[in-house]
Amino acid sequence: MRIQNYINSELLDPQGGKHLDNIEPATGKVFGTIPDSQSEDVQMAVEAAQAAFPSWSSLDHNERAKYMFAIADGIRARFEEFVAAESQDNGKPISLARAVDIPRAISNFEHFGHAITQFSSESHSMPGVAINYTLRQPIGVVGCISPWNLPIYLFSWKIAPALAAGNCVIAKPSEVTPLTGYLLSEVCKEVGLPPGVLNILHGTGPAVGDAIVTHPKIKAISFTGGTTTGKIIAAKAAPMFKKLSLELGGKNPNIIFADCDYDEMLNTTVRSSFANQGQICLCGSRIIVEDKIYEKFVKDFTEKVSRMEVGDPQNDGTQMGALVSKSHMEKVLSYIEIAKEEGGTIETGGHQVKLDDRCSDGYFVRPTIITGLSPNARCNQEEIFGPVVTITPFSSVEEALSLANGVVYGLSCTIWTSNIKKAHNLANEVEAGVVWINCWLLRDLRTPFGGMKASGVGREGGLEVLRFFTEAKNVCVKL
Ligand code: NDP
C-alpha cells in the first residue's frame, strides 16, 4: 500500500521523493510505504490552504455542515475498509476498531456538523451607553497533529471542529499509523471537499510535524501526543504567539472503595486497564484500592486478567492485540524490568508473547499487573502507555486523594463507590480534567475534554473546541 499526501485535493508523492516503511505490528513486517514529507510539502499545503480560506470561511455554516455530514457518510460507506485498515496499521483488535474507532470518527464529523449550526456568540449590554457583541471568526490556516493510539478517532476529533468553524487545515497523523488518515483523504476527494480546505501530510514528527508547528502562516496548533513532545511544541509555538491546544500524557488513578458495585467495577476495571492494549490516554494505569477489599480485588482481578487472550488482531474474538511498534513494546517491557528492580511483584503477565504463524514476529505483551510498589516508584509515576497496571492499597479518603494527585499528570480519574457524597467530594478535589464515577470512557461529545498539570493545556469537545478554533473579537457600539 503506497500512501500519498493529500494537498489541494490531489494525492501526491512528497517533493523530495523519499518514503518510509509502514510496519504491521501484528506481524512485524512491512506492508506499505508512506511519504517522508518535509518543509517544502508543508509550504505547498499552506499555499493551497491560504487560497481556499476566503471562500471556505465565508461559506454559510449550513453548507460547511453538509460537507461534514458527507464525509461521515463517506466513511460509513467504506466502514469495513476503515476497520480493517485501523486494525492492521495499529495492531488493535478488529472488534475494537469496529465498535469504537470508526464509529467515533463518523460521530466526530456528524457532531461538529451539527455543533457549528448551534454555535453562537455573546452580547454584553451597557444599558443606555453601548452594546458589545462578540464575533467568533475562523482563525485561518491551522495545524492538527495526532498520535498513533486512536488514529482516525483522534485525527477526526481535531479536523472536524477546525473545518466546521471555517478554518483550513494542515493535518498530520502519526507516521506509525497513517493508513486511515490516507483513506480519509480519499473520502474527502470522493465527496468533493473544495481544494486546499483540508491537507493531510505524512511523515515524521521532527520533519513534517515541526514544519507545521513552526510555519509562520499556521496560526494555531492542536496537538495530541506525549508530554515531552508537547513541551517541544509549546517552546516553539509560544514565541510565535500561536494558539495552542495540547492534549498530553496521563497516569490516571482508578480509585476503588469497598462500598462499590463490585462486579460492575471488576468488569469495567479490566477494560479501563487493558482496552487497546492499555494504549488509551484515559486508561486507569494506577489502581488504588481500599484496604478492606485489597486482597480480594488483587485475587479476582488477577484471575480475570490471566484468562485474557492475546491474539491476532484480525480474529473477531481477540481481546488483546499487538502493541503499536517494536520500540514501544521494548519500552513497555523495560518498565516491567524497572518494576522488578524496584521491588514490585508481577501478579500476572510481565513478558512478551510469541504467537504462531503470521504473528510469530509481532509485538505482543501479556496484560501485566504489578503490586508492592511504593507510590514514588517509577512505574507509579511515569506513563508506560501499555498493558501494565499497578495496584496500591489505601485506608482513608485522604490517602486515596493524596495518592491520586501525587503525580505530575492530571488527565482523568475513575471513582468507584456507592456513597454519592464521597464521590462528589472526591471529584471536586481530584486533579484531573475528566472524572468518571462508577463508569469509564462514557463520552458525551459536548463535554469539555482535556487534562490539567502535565496532561495538557486547553479543552477539546463541544463548544470549547469551537471557541479554540475561532478568534473572539469584541465590537463596542455607542448608543
Ligand atoms: P508523540 O508525542 O510521540 O507523537 C504525537 C504526534 O506528534 C505524532 O504525529 C508525532 O509524529 C508528532 N510529533 C513528534 N515529534 C514532533 C515534533 N517535534 N513536532 C511536531 N510533531 C511531532 O506521541 P505518541 O504518538 O507516542 O502518542 C502517545 C502519547 O499520546 C501518550 O503520551 C498518550 O498519553 C498521549 N495521548 C494523549 C491523549 C489526550 O487526549 N490527552 C490522547 C491520546 C494519546 P510521529 O509519530 O510521526 O513521529
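Bear in mind these aren't lab numbers, they're just calculated from the coordinates by the rules spelled out. The model shown is predicted, which means the values in this text are computed figures rather than measured ones. When we count neighbours, we look across all protein chains shown, and the Cβ atoms used for this are built from the backbone with ideal geometry, even at glycine.
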Original post:
Label point 7 Å out from Asp259 along Cα-to-Cβ: which residues of the range 386-407 have amide N under 14 Å?
Top reply: 396-398
**OP:** Could you tally the net charge around Ile23, taking each other residue with its Cβ under 12 Å from the Cβ of Ile23, Lys/Arg +1 and Asp/Glu -1?
**Re:** -3
**OP:** For Lys354 and Leu442, calculate 0.36 nm times their separation in residues minus their Cα-Cα distance, and state this gained length in nm to one decimal.
**Re:** 28.3 nm
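Can you sort Lys158, Lys172 so the residue with the fewest Cβ neighbours within 10 Å comes first?
So the residues, fewest neighbours to most, are Lys158, Lys172.
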Original post:
To the nearest 10 degrees, how steeply does helix 39-58 sit against the main Cα axis of the chain, on a 0 to 90 scale?
Top reply: 60 degrees
Subject >> Other-chain or far-sequence residues with amide H under 5 Å of Gly456's (modelled H) >> reply: Leu248
Subject >> Sequence-separation-based contact order of the range 304-450, relative, with Cα cut under 8 Å and 6+ spacing, percent >> reply: 16 percent
Original post:
Once both labels are modelled 7 Å past Cα along the beta-carbon direction, what's the Glu342-Ser55 spacing in nm?
Top reply: 5.7 nm
Original post:
Got a sec to turn the phi values of the range 262-270 into Karplus ³J(HN,Hα) couplings, 6.51 cos²θ - 1.76 cosθ + 1.60 with θ = phi - 60°, whole Hz, x for Gly and Pro?
Top reply: 4, 5, 5, 4, 4, 4, 5, 5, 4
**OP:** Give the span of the chain's Cα atoms along each principal axis, as three whole-Å numbers ordered largest to smallest.
**Re:** 67, 65, 40
Original post:
Given H placed on each backbone N at 1.01 Å, which residues far from Ser9 in sequence or on other chains put an amide H within less than 5 Å of it?
Top reply: Gly196
Original post:
Treating the beta-carbon of each Lys and Arg as +1 and of each Asp and Glu as -1, no other charges, what is the dipole magnitude of the chain about its Cα centre, to the nearest 20 debye?
Top reply: 1200 debye
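When only Cα pairs under 8 Å and 6 or more residues apart are kept, what is the percent relative contact order across the chain?
Relative contact order, the chain: 19 percent.
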Subject >> Neighbour-count ranking [beta-carbon atoms within 10 angstrom, fewest first] of Ser39, Ser123, Ser146 >> reply: Ser123, Ser39, Ser146
Original post:
Tell me, what ³J(HN,Hα) does each residue in the range 75-84 have, in order and in whole Hz, if you take phi through Karplus 6.51 cos²θ - 1.76 cosθ + 1.60 with θ = phi - 60° and put x for Gly and Pro?
Top reply: 5, 4, 5, 10, 3, 5, 5, 5, 4, 5
Subject >> Computed lengthening from Ala238 to Ala77, 0.36 nm per intervening residue step minus Cα-Cα distance >> reply: 53.9 nm
**OP:** Would you pull out the residues with amide H under 5 Å of Ile255's amide H, same chain only if 5 or more places away, H placed 1.01 Å from N?
**Re:** Ile288, Thr414, Ile415, Trp416
**OP:** Round to the nearest 10 and give me the degree value, 0 to 90, for the angle of helix 326-341's Cα axis relative to the longest principal axis of the chain.
**Re:** 40 degrees
Subject >> Selection from Asn276, Ser374, Ala472 lying farthest towards where the dipole of the chain points positive, charges on Cβ >> reply: Ala472
Subject >> Listed residues Ala322, Pro387, Leu135: farthest to the positive end of the dipole of the chain (Cβ charges) >> reply: Leu135
Original post:
What value, in deg cm²/dmol to 500, does the helix sum -39500 (n - 2.57) over DSSP H runs of n ≥ 4 give at 222 nm once divided by the residues of the chain?
Top reply: -11500 deg cm²/dmol
Subject >> Per-peptide average of other Cβ atoms within 10 Å, ordering 98-111, 273-286, 230-243 highest first >> reply: 273-286, 98-111, 230-243
Original post:
Which ³J(HN,Hα) values in Hz, rounded to whole numbers, follow from the phi angles of the range 305-321 under the Karplus curve 6.51 cos²θ - 1.76 cosθ + 1.60, where θ = phi - 60° and Gly and Pro get x?
Top reply: 5, 5, 8, 5, 9, 9, x, 4, x, 6, 7, 4, x, 5, 8, 10, x
